[in-house]
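So the structure is just underneath, and the comments pick up after that.
The values are calculated or read from the model by the stated rules, or taken from the named source; none is laboratory data. Owing to the predicted nature of the structure, the values given are computational and were not obtained by experimental measurement. We place every Cβ from the backbone using ideal geometry, glycine too, and count neighbours over all the protein chains shown. Surface areas here come from the heavy atoms of the whole protein model, side chains and all, with no ligands, DNA or RNA. Shrake-Rupley method; radii C 1.70, N 1.55, O 1.52, S 1.80 Å.
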Amino acid sequence: MTALLRYHAALLLRSQRWLAPFLLYAVFVGIGVQAGEPVLGALGYAVEGLVPVTAWAVRICLNQEPSAARTVTAAAAGPARAHGAAVLTATGAVLLVGAVAVVAVTAFGDPKGASPLSAGAAGLLAAAVCVLTGTAVGALTTRPLIRSRGWSLTTLLLASLLALVTTGSPAAGAVSALVTAAGPGTVPYPWPALAGAVALAATAVTLACRTTARRG
């Protein structure tokens, strides 16, 4: 699996397809987060953008190999393992970007009664929730479950939006907890949302990997 992860990471870096989602996310955070605003509310804004970014990154990693190379990789490592490695590569890359964003927002935000350490920890947990939710969205909205480029992109965007506004969604719960606690008070640690996001991502990726294995 380590070799597969390195392979997909190298493909991602060389392709430069990561530039579009990550630069757009940087602009999103740079415009929407102002220095001196309540740190928890700013963190809520920053992490919610990770849902569509992760879904987009997953789609990139799953479609960046030429068909011939994908066939060779699947034959060497197994189609399910190759598919899972591509998804994990995207998830890990966005987790890193999300962690950097959380640290930056925490450094420039107003604690408003929350210590930087506790606010940063809550932000990192919420970022993980949003990344895992985005992973589930990406895994379910591209090949092998949806092969049409147009339908894939449309479904990805709609599913990302629903993941942020639907009651019961792990990402929506984590973001809401941060935003509503932007004033003085207890810092919310979204453990239930994290557990839900882990289960959601695991289910979605397992379904996608098994479907890939069946179809060869």
**Asked** Want the number for SER115 to ARG214: 0.36 nm per residue separation, take away the alpha-carbon distance, what's left?
**Response** 30.6 nm
**Complete:** FRET efficiency for SER15 and ALA104 from the Cβ-Cβ distance with R0 = 22 Å, rounded to 0.05, comes out at 0.25
**Prompt:** Ordering TRP56, TRP151 by how much accessible area each has at a 1.4 Å probe, largest first, what is the list?
**Reply:** TRP151, TRP56
**Item:** Pair-distance profile P(r), taking every C-alpha pair of region 2-215, with 5 angstrom steps and integer %
**Value:** 1, 8, 16, 19, 19, 14, 10, 7, 4, 2, 1, 0
**Prompt:** Roughly how much of TRP191 is accessible, in Å² to the nearest 10, using a 1.4 Å probe?
**Reply:** 150
**Prompt:** Which distance in Å, rounded to a whole number, links the C-alpha centroids of region 124-191 and region 55-93?
**Reply:** 22
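Between ARG149 and SER67, what length in nm is gained on full extension when 0.36 nm per residue of separation is reduced by their alpha carbon distance?
Contour length minus Cα-Cα distance gives 28.0 nm.
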**Asked** Kyte-Doolittle mean at least -0.5 and Cα extent at least 27 Å along the axis: which DSSP H helices of the chain qualify?
**Response** 79-108, 116-140, 191-215
**Request:** Using a 1.4 angstrom probe on the protein heavy atoms only, line up ILE31, ILE60, ILE146 by accessible area, largest first.
**Result:** ILE31, ILE146, ILE60
